[in-house]
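The values are calculated or read from the model by the stated rules, or taken from the named source; none is laboratory data. All values derive from a computational prediction rather than experimental measurement. When we count neighbours, we look across all protein chains shown, and the Cβ atoms used for this are built from the backbone with ideal geometry, even at glycine. Each accessible area value is taken on the protein alone, full model and side chains, heavy atoms only, with ligands, DNA and RNA left out. Shrake-Rupley method; radii C 1.70, N 1.55, O 1.52, S 1.80 Å.
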Amino acid sequence: MTRTKTRLALGTGVAALLWAGLAQAQTAEPPLESEPAAEVAEPPAPPAPEPTLSDQIAAGKLLLEVRARYETVDQTRTATLRDEGRAFTVRTRLGWETADFKGFKGLIEFEDVRQIGPEHFAVNVPGAATPPLNGADKARYPIINDPDVTELNRAQLTWTPSAALQVTAGRQRILLDDQRFVGNVGWRQDEQTFDGVRADVALGRVKATYAYVTDINRILGELKDWDSDSHLLNVTWSPGEALRLQGFVYALDFGNSAINSSITKGAKVSGKTWVGLYQLAYNATYAVQSDYRGNTPAFDLAYVGADLAGTFDIYSLKLGYESLEGDGARGFTTPLATVHAFQGWSDAFVSAGGNKSFADGIEDKNLSFNVKPRFKKTYLFNSDILVRYHDFDDQRTGADLGHEWDVQVTAAITPKLSIQLKYADFQREAAVPIGTLAPPPSRAKAWLTLEYKL
């Protein structure tokens, strides 16, 4: 009996263990006997649609500039010129540049120049004997060439099919090299722009610009613009920072300003290098200019320019020389240049047709000192001080013509707003030898400029 009970108890225990194991097996996760089912992949997002032309126009950027300037001119008085010149003008530029659309970009910009207050200045082609364009009664004042004007400043389409080529067609700004021969005359309120087609090519260390120009939109409004059939070519090879070689040909044919027509061919070498803590930079240019397409009597004149600059820390010193040959009837001219930057800021030397030149030719020896102070205030930073002295001689006879002091102080008030004070004082020689053309009258000019750029 006892054995029977023992067997019964043992059987009951085994049965309980088997039942418990079966219950646990039913509640546990089944063993992995095969590969799990693959997760269902999310369908790829549809590609973003290509931007349309209207999208890229809307994605462009606003162009906005406002420049206010007060200018005074105190020039030697004559029987006609009896008063000091004063002008307070405001220039506004407003435009839009599109974003890229299949290699194309468009740009349109309008420009407005307004005189604020009395018009105590004359507007005229420099060197002209005709009455001022803003009225014969303004002849009593010196020239300040910032007339009231509202015009289309730029309207261009740019195509960039690759990094090697860019083509721009329409009304555009053209700045070549240091603007000694081709620039936008950016100092005046109504800038100079060009109607035509331009191609810029970049192949390794070689860069070239060619432009065919049909109209020159000059700084005196539409009445004094030039009809043009001109070609501009500039090619540069830069094997290294210390050497840059440039060749250029500017063939200028102006239908309504024959006296300014010419062809100029030249070469330039420039570069910069370090000598210890000093950076040295140099430029040397030679060009020859002659008559073109029979627009003027035959002539052949030469240009020589050179400068050497040294920079240490915030200080720079530059010695420069320019010689524009003259034959007594005509001097070497650069009718498309930003000439305000050359031969003194007083713009004393002019020639027939509105060029900055001298019929006897002019030699300009100049010395510049530039410093960029480090002080930074909340509303005054990135300051720059420049002082320059010019000594002018008659190129044909060697006679002393006069000298000029130029001083400029520029600073930023905010990242978009800057202020500039500028002064130029040209003093002519009281007398020159017989056979030398008389130098221009003495004059002093001062400017206060505020400029905002978006």
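Over region 359-401, give the accessible area per residue in Å² for a 1.4 Å probe, as an integer.
Value returned for region 359-401: 52 Å² of accessible area per residue.
Only sites in a loop by DSSP and with at most 13 other Cβ atoms within 10 Å count here; which trypsin sites (Lys or Arg not before Pro) in region 122-214 make the cut?
Passing sites in region 122-214 are ARG205.
Please calculate the 1.4 Å probe accessible area of PHE349, with all protein chains present, and give it to the nearest 10 Å².
Answer for PHE349: close to 0 Å² accessible.
Report the local net charge at PHE332: Lys and Arg +1, Asp and Glu -1, summed over other residues whose C-beta lies under 13 Å from its C-beta.
-3
Please give me the summed charge of the neighbours of GLY106: other residues whose Cβ is under 13 Å from its Cβ, Lys and Arg +1, Asp and Glu -1.
+2
How big is Rg to Rh over the chain, alpha-carbon atoms, Rh as the Kirkwood inverse-mean-distance radius?
Details: Rg = 36.1 Å, Rh = 26.4 Å.
Looking at the chain, the ratio lands at 1.37.
Which trypsin sites (Lys or Arg not before Pro) in region 64-133 sit in a loop by DSSP (not H, G, I, E or B) and have at most 13 other Cβ atoms within 10 Å of their own Cβ?
Those that pass, being in a loop and sparsely packed, are ARG77, ARG82, LYS102.
At a probe radius of 1.4 Å, what is the per-residue accessible area of LEU324, in Å² to the nearest 10?
My reading of the accessible area for LEU324 is about 0 Å².
Any aspartates and glutamates with Cα under 18 Å of the LYS105 Cα? List them, leaving off those in the same chain fewer than 8 positions away.
Leaving aside aspartates and glutamates fewer than 8 places away in the same chain, those within reach of LYS105 are GLU50, ASP55, GLU97, ASP195, ASP200.
Mind grabbing the accessible area of VAL123 for me, 1.4 Å probe, Å², rounded to tens?
Here the residue's solvent-accessible area equals roughly 10 Å².
LYS376: which lysines have alpha carbons under 17 Å from its alpha carbon, excluding same-chain residues fewer than 8 sequence positions away?
In chain and number order, the partners are LYS416.
Can you give me the accessible area per residue for region 38-192, using a 1.4 Å probe, in Å²?
On the way: 7990 Å² over 155 residues.
Value returned for region 38-192: 52 Å² of accessible area per residue.
To the nearest 10 degrees, how steeply does helix 2-27 sit against the main Cα axis of the chain, on a 0 to 90 scale?
20
If amide hydrogens are placed 1.01 Å from N in the peptide plane, which non-local residues have theirs closer than 5 Å to the one on SER261?
Amide H neighbours of SER261: PHE254.
Give the carbon-plus-sulfur fraction of the accessible surface of region 344-448 in %, rounded to a whole number; probe 1.4 Å, heavy atoms of protein chains only. Could you put the intermediate results ahead of the total?
Values: 3070 of 4850 Å².
Carbon and sulfur: 63 percent of the exposed surface of region 344-448.
With θ set to phi - 60° and the Karplus curve 6.51 cos²θ - 1.76 cosθ + 1.60, what are the ³J(HN,Hα) couplings of region 136-148 in order, to the nearest whole Hz, using x for Gly and Pro?
My calculation for region 136-148 gives 4, 5, 7, 5, 6, 10, x, 6, 10, 8, 10, x, 5 Hz in order.
DSSP loop (so not H, G, I, E, B), at most 13 other Cβ within 10 Å: list which trypsin sites (Lys or Arg not before Pro) in region 309-409 pass both filters.
Answer by residue number: ARG374, LYS376.
Summing +1 for each Lys or Arg and -1 for each Asp or Glu, what net charge is found among the other residues whose Cβ lies under 10 Å from the Cβ of ASP300?
Working: positive: none; negative: ASP291, GLU325, ASP327.
In short, -3.
Which residue, TYR70, TRP226, ALA352, has the largest displacement toward the positive end of the dipole of the chain when charges sit on each Cβ (Lys, Arg +1; Asp, Glu -1)?
TYR70
Straight distance only, please: which lysines reach the Cα of LYS356 with their own Cα at less than 24 Å, same-chain residues fewer than 8 apart left out?
LYS138, LYS224, LYS265, LYS268, LYS318, LYS365, LYS422, LYS445
What is the percent carbon and sulfur in the accessible area of region 77-116, measuring with a 1.4 Å probe over the protein chains and ignoring ligands?
Summing carbon and sulfur atoms, their accessible area is 63 percent of the total for region 77-116.
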